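Accompanying notes for the structure given below.
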Amino acid sequence: MTALPPCPKCNSEYTYEDGDQLVCPECAHEWKAGENADGGDDARVIKDSVGNLLQDGDTITVIKDLKVKGSSLVVKVGTKVKNIRLVDGDHDIDCKIDGIGAMKLKSEFVRKV
Ligand SMILES: [Zn+2]
């Protein structure tokens, strides 16, 4: 038998399984195993090109010239991008770049400042 994780709300260790759910008898919180208390978003880990953990609001620089889809613009290597937002998908960074506007980047082509 495997040990059940503690309650993500009150940290009680007396959690039990109920079908595919976990239940906390102390605060009556119910959640799915492997899911995080506030929806699971925090469980996603996005790293930059050198393995630094990226978070919403971080500042990054672009490590490679990137063509902007549907235009002739290029985001030059070394471009600083402030206040990124992590999103789901192939391009996992949502941001606004001076002179270009809103666009999406891949975390593998950036580096945290
Ligand atoms: Zn609890």
Given the options T61, T15, T79, state which has the largest fluctuation in a GNM of the chain using a 10 Å cut-off (strictly under) for Cα springs.
-> T15
Just read off the accessible area of D18 with the full protein assembly in place, 1.4 Å probe, to the nearest 10 Å².
-> 90
With charges set only on the Cβ (+1 for Lys and Arg, -1 for Asp and Glu), what does the dipole of the chain come to about its Cα centre, in debye to the nearest 20?
-> 1180
With x for Gly and Pro, the residue-by-residue ³J(HN,Hα) of region 6-23, computed from phi through the Karplus equation 6.51 cos²θ - 1.76 cosθ + 1.60 at θ = phi - 60° and given in whole Hz, is x, 4, x, 8, 10, 6, 4, 8, 8, 6, 9, 8, 9, x, 9, 10, 10, 10
Residues of type lysines that K104 reaches as a straight line, Cα spacing below 16 Å, ignoring anything fewer than 8 places off in the same chain = K47, K64, K67, K69, K76, K80, K82, K96, K112
Can you give the extra length, in nm with one decimal, that the chain gains between V113 and A3 once fully stretched, where that is 0.36 nm per residue apart less the Cα-Cα distance?
-> 35.6 nm
Work out, step by step, the length gained on full extension between I63 and E26: first 0.36 nm times the residue separation, then minus their alpha carbon distance; give nm to one decimal.
-> 8.4 nm
What length, rounded to one decimal in nm, is gained on full extension from L53 through to D90, with 0.36 nm per residue of separation minus their alpha-carbon distance?
-> 11.6 nm
Cα-based reach from K9 at 19 Å (exclusive), listing lysines while leaving out same-chain residues under 8 positions away | K32
Overall form of region 9-113 per C-alpha gyration tensor (a/c, 1.5; a/b vs b/c) | prolate
Based on the Cα gyration tensor of region 41-91, what are the three equivalent ellipsoid semi-axes, each the root of five times an eigenvalue, rounded to whole Å and given largest first?
-> 22, 13, 10
So what is the accessible area of the chain per residue, in Å², with the probe set to 1.4 Å?
-> 68
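The values are calculated or read from the model by the stated rules, or taken from the named source; none is laboratory data. Remember, predicted model here, so these are calculated numbers, not experimental data. Every residue, glycine among them, receives a Cβ derived from its backbone with ideal geometry; neighbour counts consider all protein chains shown. Heads up: the accessible areas ignore ligands, DNA and RNA and are worked out on the full protein's heavy atoms, side chains in. Shrake-Rupley method; radii C 1.70, N 1.55, O 1.52, S 1.80 Å.
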